[in-house]
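Read the figures in this text as sums done on the coordinates, not as results from a lab. Just so we're clear, the structure is a prediction, and the values are computed from it rather than from any experiment. As a convention, Cβ positions derive from the backbone with ideal geometry for all residues, glycine included, and neighbour counts pool all protein chains shown.
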């Protein structure tokens, strides 16, 4: 059987799909951050014109989705498949955002790795010859996530220094069999890793092992080094998880720092915005990718990008039962050339 697999967990795409359109929608706090001018839509209203936080998240995801379609110059009827998910129970933010789209839909849950998971699957669907146009999108909302995973905002609970701030953000990427790029060239699928972390206020540490595992596998499968990329980004480990990944590689004698950063660190200004260990949430890496990163590639700032979505595969129930927090990381290689 002919296979496109390289090594244990990496797929090299024979006909790399092009990312022909991408868009982001964010809240006020994200718009006030260092990447604020990169986002397509910045809302001053945290409710996005709706009456609840959950409806607001769906509205925000729709804004990013239709803006990406507009930039790709596509209509809904041309889209073959949607890959979407979010942090809320049963992925309801995505379901209700897209229920009227009329496009074949795959609902995903990869926690904060959802954008990388969706992007990889959307690219493989096209490379496999099953679609001409696909879309990967996801979102998160600070207030809807706080209500589900922690405590209602009205409670005014204290946040630990290791805690991260769930981004109010959404990102959407439209992929096509033909187009000018950037192109998705390879996908390394993550495996579940559990370092025994039980503190839901320190998810960066919980996900760091999975990020290290996937990055190392990607380099081994493709016989690459970090220096083969202009930029490697995880999303989103925050400051603590990022430092742990750097330390893991230093133990291997590899210095990742010159080309490595994290979307949770990039999204907010640590000195000016009180986000503790950085940003998090599905929308954090999605918005950074679908604005600043892909725009930078189109402008020629970077030629090769390794986008690594990281997720904490937990739920309020498992945390309440004292379970540890398993992590996952999927890596997607994006290049300006095929």
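Structure above, values below:
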quantity	calculated
Order of 4, 55 - criterion: other Cβ atoms within 10 Å of each residue's Cβ, fewest first	4, 55
Proxy reagent accessibility, fewest Cβ within 10 Å first, across 230, 127, 274, 262	274, 230, 127, 262
Rounded, prolate or oblate (a/c below 1.5 giving rounded, otherwise prolate when a/b exceeds b/c) for segment 158-261 by Cα gyration tensor	oblate
Calculated P(r) tail over 26 Å for the chain, as whole % of Cα pairs	41
Neighbour-count order for 284, 91, fewest beta carbons within 10 angstrom listed first	91, 284
Extension gain, residue 51 back to residue 14 (0.36 nm per residue minus Cα-Cα distance, nm)	8.7 nm
Potential lengthening between residue 255 and residue 270 on full extension [0.36 nm per residue; Cα-Cα distance subtracted]	3.0 nm
Alpha-carbon centroids, segment 251-294 and segment 1-78: separation in whole Å	17
Segment 17-176: C-alpha gyration tensor shape, a/c 1.5 cut-off, then a/b vs b/c	prolate
Percent of beta bridges antiparallel (DSSP, the chain, rounded to nearest 5)	65
Full-extension gain in nm, residue 191 to residue 247, via 0.36 nm per residue minus C-alpha separation	18.1 nm
In nm, spacing of pseudo-spin labels at residue 73 and residue 44 (7 Å Cα→C-beta vector)	3.4
Whether segment 269-335 is rounded, prolate or oblate, judged on the alpha carbon gyration tensor where a/c under 1.5 counts as rounded	oblate
